[in-house]
Protein chains: 2
Amino acid sequence: MYREQIKVLDCTIRDGGLVNRHDFSVDFVRRVYQGVSAAGVDYFEIGYKNSRALFPDPSFGPWKFCSDDDIRSVTQGVEGGAKISVMADVGRVDMESIKPASESPYHMVRVASYVKGVDKAIAMANQFHDLGYETCINLMALSRDRGPELDEAMDQCDKESHAEVIYLVDSFGSFYQEDIEKLVHRARKWIKTKELGFHGHNNQQLAFANTIEAIIHNVNYLDATVYGMGRAAGNCTLELLLGFLKNPKFDIRPVLDLVAKEFIPLRQKHEWGYIIPHMIAGQLNMHPQEALDVRKGEDAENYRLFFERMVSSGLD
Amino acid sequence: MYREQIKVLDCTIRDGGLVNRHDFSVDFVRRVYQGVSAAGVDYFEIGYKNSRALFPDPSFGPWKFCSDDDIRSVTQGVEGGAKISVMADVGRVDMESIKPASESPYHMVRVASYVKGVDKAIAMANQFHDLGYETCINLMALSRDRGPELDEAMDQCDKESHAEVIYLVDSFGSFYQEDIEKLVHRARKWIKTKELGFHGHNNQQLAFANTIEAIIHNVNYLDATVYGMGRAAGNCTLELLLGFLKNPKFDIRPVLDLVAKEFIPLRQKHEWGYIIPHMIAGQLNMHPQEALDVRKGEDAENYRLFFERMVSSGLD
């Protein structure tokens, strides 16, 4: 028996865009959108809705900005496609440029925020809500921000926001399944009127296991990416998640095609997945940036040096 | 707080030997033994104790046979090294050649058996026990053999064998963590006088998660391999497991060195890990052989074809 309330959100292009500076061609994104939609996935997160004025560097691809026209070039003519989601970072969106939902090609906006920024995130999500969008608040780095401020933030999300879903995000890929169980129970103390979501990272090969754990504890919004493509160690893979879920509307085959034709070749050009410095960062509950940096230098394979540096940081 | 009863068994050379026909050089095995021992691992499984007469093919390397002399060439001069384990398959060992434990260089023998072969496995394990060895019985393919015969086999293992440990083996990499919880509880109904062990495969990126689940339910003998090297999708990685366990005797650093210096280069030559046909085999609860075969042919990347073939097999 399956749980009909479960919604799968594919964020391959959005989180995967952090791997290649959001530089996917329109044709590539369109093929992924078609495949993911044919697989029965509910939402397709196509990128960030950042203001171009804030990121003048021309090396960034279109999916850091997601103009309405660029989104339409992907979705037009795709029948019965997944609903489109965009991610919004507090302070990076030109709210003047945002059209009402009825005039725009995307349905959902997810506002990503650290716990300390939750007031701004709620205000922004409510602006999008008032324009007619489905909204989520994604609370990031919850393996780090676990003090009393988290209870307050979750309480605020429930009481002050109109968001349909509050996402719990394991940005550092540091949680074990026990942590998920405890975090979801804690969230449920405060968040009583909204759905919960989970977004994992795969530093410790636990993104899928933790997503299952979230499902067991009645989390209904689940993030995944094709072949796990995403920042650093990447995410829960969509092909594993669809193989686990029992709703007959899901079909793994279009995702298998995407992996074979698009993502195996792409993985030759860009790095993500189970890579030892990212594993170490996850074990030590650290932001992925230092591991990403070490992978670009001559010490990319000197794992002991990286480990020693990370366990010593802050001790001196 | 850590659980002192937990024992880690590294089976990189034994399960990894299924990837390269057991053809590791003595120097390589010695370096792995030194690293794994320095990491504080309790047991080092060095290969299979098969009769050479049964496998005359000269392309098999020494670790399919594990002569006492070959084992000594690895262990001699290594101070405080991990205890040596060998695996024995029913019907493949020349029992006449086995010396008493006091005269041999290995301490533990693990007898691997499908559920239906458990009588023979118990008899063989008892023979080794009578020669003075620590013994285990590894019950394989438990995602397939889950009928009443499993209860009987577990009851027999408890009552008729002198084995110290009964291992539950997810040969097909098909179990989710819920399955582990239920399997361990079921095993505990029958196996009351022995320790339990767990050996996972990583087809669905769950070998580590399932090992954690086994730990939560008081399984104390845990298998892992360096960088996950093992048949098909491989195993729970030793570096993840040591990062999770809290016993201060464990040190991840020598394992990080092994990954960097030995296993990253080796992975260029031999394939194991998260590979889509192995993922499909795990999802569908199938023996890994068909996925291994497809990876050798021209349809290695035609995942849809493999999936269709596997879901159709047995339907006609």
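The values are calculated or read from the model by the stated rules, or taken from the named source; none is laboratory data. Quick caveat, the model's predicted, so the values are computed rather than measured. Quick reminder, even Gly has a Cβ in these numbers, built from the backbone with ideal geometry, and neighbours come from all protein chains shown.
Please work out if residue A:179 is within 14 Å of chain B (Cβ to nearest Cβ) and acidic (Asp, Glu).
yes
One line per residue, one yes/no per condition, for (1) of a type outside the set (A, V, I, L, M, F, W, C); (2) under 26 Å from residue B:5 (Cβ atoms):
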{"site": "B:232", "(1), (2)": "no, no"}
{"site": "B:238", "(1), (2)": "no, yes"}
{"site": "B:248", "(1), (2)": "yes, yes"}
{"site": "B:299", "(1), (2)": "yes, no"}
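Out of all the residues in the stretch A:243-254, is one or more assigned to a helix (DSSP H, G or I) and of a type in the set (A, V, I, L, M)?
no
Which of the residues spanning the stretch A:193-233 are away from chain B (no Cβ under 13 Å), out of contact with any strand residue (DSSP E or B) (no Cβ under 7 Å at 6 or more places or on another chain) and surrounded by fewer than 24 Cβ atoms within 10 Å (Cβ to Cβ)?
A:193, A:218, A:231
Can you find, within the stretch A:288-303, the residue that is nearest to the other protein chains (Cβ to nearest Cβ) among those that are crowded, with 20+ Cβ neighbours inside 10 Å and not in a loop (DSSP other than H, G, I, E, B)?
It comes out as A:303.
Kindly evaluate residue A:264 against the criterion of being crowded, with 19+ Cβ neighbours inside 10 Å and in a helix (DSSP H, G or I).
no
Given the conditions (1) touching a residue at least 12 places away in the same chain (Cβ under 8 Å); (2) within 30 Å of residue A:293 (Cβ to Cβ), and given that residue A:30 satisfies all but one, which numbered condition is not satisfied?
Among (1) touching a residue at least 12 places away in the same chain (Cβ under 8 Å); (2) within 30 Å of residue A:293 (Cβ to Cβ), residue A:30 violates only (2).
Return the only residue of A:85, A:97, A:113 being surrounded by 16 or more Cβ atoms within 10 Å (Cβ to Cβ), among the polar types (S, T, N, Q) and over 23 Å from residue A:150 (Cα atoms).
A:85
Just to be sure, is residue A:285 closer than 26 Å to residue B:245 by Cα, touching a residue at least 40 places away in the same chain (Cβ under 8 Å) and assigned to a loop (DSSP other than H, G, I, E, B)?
Answer is yes for this residue.
What's the total number of residues in the stretch A:119-155 that are closer than 27 Å to residue A:212 by Cα and not charged (D, E, K, R)?
Number satisfying all stated conditions: 14.
Mind checking which residues of the stretch B:234-261 are surrounded by fewer than 24 Cβ atoms within 10 Å (Cβ to Cβ), closer than 21 Å to residue B:169 by Cβ and at the interface with chain A (Cβ under 8 Å from one of its Cβ atoms)?
The one that is surrounded by fewer than 24 Cβ atoms within 10 Å (Cβ to Cβ), closer than 21 Å to residue B:169 by Cβ and at the interface with chain A (Cβ under 8 Å from one of its Cβ atoms): B:244.
Yes/no matrix, rows are residues, columns are (1) among the small types (Gly, Ala, Ser); (2) in contact with a Gly (Cβ under 6 Å, 6 or more places away or on another chain); (3) assigned to a loop (DSSP other than H, G, I, E, B):
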position: B:181; (1), (2), (3): no, no, no
position: B:189; (1), (2), (3): no, no, no
position: B:198; (1), (2), (3): no, no, no
position: B:202; (1), (2), (3): no, yes, yes
position: B:205; (1), (2), (3): no, no, yes
position: B:212; (1), (2), (3): no, no, no
position: B:215; (1), (2), (3): no, no, no
position: B:224; (1), (2), (3): yes, no, no
position: B:230; (1), (2), (3): yes, yes, yes
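Quick check: anything in the stretch A:119-135 closer than 30 Å to residue A:274 by Cβ and in the same structural domain as residue A:90 (by TED's automatic domain parsing)?
no
Can you find even one residue in the stretch A:247-259 that is touching a residue at least 12 places away in the same chain (Cβ under 8 Å), farther than 27 Å from residue A:35 by Cβ and more than 21 Å from the chain's Cα centre (by Cα)?
No: the stretch A:247-259 contains no residue that is touching a residue at least 12 places away in the same chain (Cβ under 8 Å), farther than 27 Å from residue A:35 by Cβ and more than 21 Å from the chain's Cα centre (by Cα).
When the residues of the stretch B:304-316 are filtered to those that are part of a helix (DSSP H, G or I) and more than 12 Å from every other protein chain (Cβ to nearest Cβ), which remaining residue is surrounded by the fewest Cβ atoms within 10 Å (Cβ to Cβ)?
By that ranking, first place goes to B:312.
Any chance you could count how many residues in the stretch B:41-56 are closer than 30 Å to residue B:238 by Cβ and surrounded by fewer than 19 Cβ atoms within 10 Å (Cβ to Cβ)?
Residues that pass the stated criteria total 3.
Take the residues in the stretch A:30-57 that are part of a loop (DSSP other than H, G, I, E, B) and modelled with pLDDT of 95 or more, then tell me which one is nearest to residue A:94 (Cα to Cα).
So the residue we want is A:51.
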